[in-house]
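Worksheet for the structure shown next.
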Amino acid sequence: SLPPPPPPSPPPEPLSPPPPSLPPPRPSPPPPPIPPPPPISPGSSLLTHVTLSLSPATDPAAVRRALAWLLPGVAGIVVAPPLDVAITVASDSLLSLSDVLGLARGGGLTAFLTEVLGTPFSVVSDIMVNAVMADAPSPPPSPLPHTASSPPPPQTPPGFSAPPAAPAADVPPLPPALPPLPPPSSITAPSLRVVQRNVPANIAFEGQNVGVGDLAKWMPPGAGSCAVEAATAPSILIGEPAAATFTFASTGLHSLCYAFAFRASDGLHPLSPFQHIQTSYVSVIDVEGASPHNTAVGCTSTLTITGSGFASLSAAETLECDFEGVGVTTARVLNDRTLACETAAGGVASTTTRLSLRVGSFLGLLLLPAFRYYDSSLTVVSSSSPDGGNYRSTSQITFQGFFGAADASDVRCRFGADLDSDAPGNVSADGTVAICAKPRFPDARRAQLGAYAILLALNGQCFVPTGRSFVAHNAIVTGISQWVAPASQSVPLVIGGRGFPYPGLSGAMCAFRSASSIGSATTMLRPITTLSPTALSIQSPATGLARQWEVSCLLDGVEPAPAAASPMLFTEYELSNVSLLSLEPAGGPVDTPLVLVITGSNFVDFGLKCRVGTETADAELLDSTRVRCRVPAAATPAVGTVVVQLSVGGGAPGSWVADAL
């Protein structure tokens, strides 16, 4: 059955009188011009000017839309053709000011505009932050497409009053509409990429929702946030597959920070904040060099590669040294600054190859353009010098002979079975002279003195016999037999000590170096004759000038032997200046001790002695003109006249004054 009809409506109320006519609406004023940036003051928004080169056909609105899509959440973007783009970055923007500046300075903005608009762009001047904007940040633009303004709400017709509002229903309010969720996104590649420090590297990315317009940057080791200033400048992905170029200033394992642009989602989603992707890394290394530069045929050498950032290579699947055309060996990480690998077997004499470091499929880095294999059997040693030295010395050993055409950059010697040079030597350009360093033998070898066979390695590792030996000793000089002698006559001197190599080493000598201002400073060398392990014989300099010398003995011809008393002094005097004039008394009994006074000139005391006949006695210097002698009773009494003589040098040969009384 049909429902009953509704009750009749009440009669309408009488209409109110119409209001007076309204004036016509005023035309809308034109929008005010954009004010210039205010002077710098504390605030939260920064105006950044990026000066670009825009072609005449470029649509400024298209540039602004592209930048607004790329840089969501900034306070504003103004494009003023032909050369200026102003970007206001708010404190709550998704991208920081450093990110925007990094994109501009790193070429990311121009690369993106070229990719999206198809018109080449370039930065023609520096990017600068030139003003601080208002304290309150502007709200970010809506990520939704721009639409026309909504129509105004309906107006009550003139002469009618608005109907009374209906009573509010007891219904809970609807929740606000949620923004659309971003689509699932992920990065699957690269998991690890190896690059060189300060060398631009193009890196391609793979994953869900990875595409053109995404942003990427890399955090250095130890950084805990994608906002760190030390991160690389963000780059914009372009091309197919999507890739970006980065330059790394520091070594080590860098992790990825990535922002998805969702370009394929028709603008429904804004650029995501940077996300720390802890499954994607870049290993940044710096290689300084590799040694040795060669190896002997049939000898396996260990190659050392120096640099930094190598600890980050531990995660690499393969790490190899490639000896081009010869073979490949496995490299290993010793520490953050050192890699090592063995040389490849199979090289023949005079083979030269290129040596490269290969890290997986990412990096092939040339280490040495010329790595050489040489024939060690061609090495011939004809002589070596010195023949020996103190076991603690660190002198150089020089070999004469023929050492081939090897690139000998790390020449080393081995003494005996296990004492190797601790510093590299070299080979002369003509290959006839080789030099290596003798290491300081440990104190445990003090009792193991004598001859050590010498082996030579032109690359520091492939040792071959030389047929030469090195005599190690532990000698010490204790003194000199006489410490004065006439300057005009060379006299034999005996140097005492212990541990002298006997019968002696070639080139052994003693050096006399002037130690006073008397005369000109000079050095005189005298060869050594080794009398025994405790005695050496040399001749005095006899330069003809009175002076004092410091004496040192070079038992190997190179390094002075240690002395118990240093410096060891020796004095030469001018004997011709000394003269005898008179004697008092002029005689005495033969069987009675006598006290004689000799008068003369220029007396000096270098060990005064007087001789009466055949009897020698000590003398005492009274002053430069008088000497007193005490003469014992003659052992064989004899009557007659005897000669009285004076020695100013301890009675040594050549020290007796020519005058006699």
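The values are calculated or read from the model by the stated rules, or taken from the named source; none is laboratory data. In this text, all values refer to a predicted model and were calculated from it rather than measured experimentally. Cβ coordinates were reconstructed from backbone atoms using ideal geometry, including for glycine residues, and neighbour counts include every protein chain displayed. For accessibility, only protein heavy atoms count, side chains too; no ligands or nucleic acids. Shrake-Rupley method; radii C 1.70, N 1.55, O 1.52, S 1.80 Å.
Values as computed for the structure displayed
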read-out	value
Checklist (1) farther than 30 Å from Ala638 by Cα; (2) open to solvent by 40 Å² or more (accessible area, probe 1.4 Å); (3) in a strand (DSSP E or B) applied to Gly507, failing item	(3)
Residue list for region 235-276, filter: within 17 Å of Arg197 (Cα to Cα), open to solvent by less than 70 Å² (accessible area, probe 1.4 Å) and either assigned to a loop (DSSP other than H, G, I, E, B) or among the basic types (Lys, Arg) (or both)	Phe248, Ser250, Thr251
Residue, nearest to Thr432 (Cα to Cα), within region 361-380, restricted to residues that are open to solvent by 30 Å² or more (accessible area, probe 1.4 Å) and assigned to a strand (DSSP E or B)	Val380
Residue tally, condition closer than 28 Å to Gly450 by Cβ and out of contact with any strand residue (DSSP E or B) (no Cβ under 8 Å at 6 or more places or on another chain), over region 400-439	2
Where a residue in region 239-255 is more than 21 Å from Asn335 (Cα to Cα) and among the aliphatic types (A, V, I, L, M) and its partner, wherever it lies, is at pLDDT 90 or above and open to solvent by less than 10 Å² (accessible area, probe 1.4 Å), with Cβ under 6 Å and at least six apart	Ala242/Phe205; Ala244/Ala216
Test: Thr571 is of a type outside the set (A, V, I, L, M), open to solvent by less than 70 Å² (accessible area, probe 1.4 Å), out of contact with any Leu (no Cβ under 9 Å at 6 or more places or on another chain) and farther than 29 Å from Ala658 by Cβ	no
Residue check, Ala227 among the aliphatic types (A, V, I, L, M), surrounded by fewer than 17 Cβ atoms within 10 Å (Cβ to Cβ) and more than 31 Å from the chain's Cα centre (by Cα)	no
Single condition Thr188 does not satisfy, out of (1) open to solvent by 20 Å² or more (accessible area, probe 1.4 Å); (2) within 27 Å of the chain's Cα centre (by Cα); (3) under 15 Å from Gln275 (Cβ atoms)	(2)
Among the candidates Gly467, Gly450, Gly499, residue that is closer than 30 Å to Thr571 by Cα, surrounded by fewer than 20 Cβ atoms within 10 Å (Cβ to Cβ) and of a type outside the set (Lys, Arg)	Gly499
Given (1) free of Cβ contacts under 8 Å to residues at least 40 places away in the same chain; (2) part of a strand (DSSP E or B), number of the condition Tyr281 does not satisfy	(1)
Residue that is farthest from Arg193 (Cα to Cα) [pool: residues in region 309-323 that are free of Cβ contacts under 8 Å to residues at least 60 places away in the same chain and surrounded by 14 or more Cβ atoms within 10 Å (Cβ to Cβ)]	Phe323
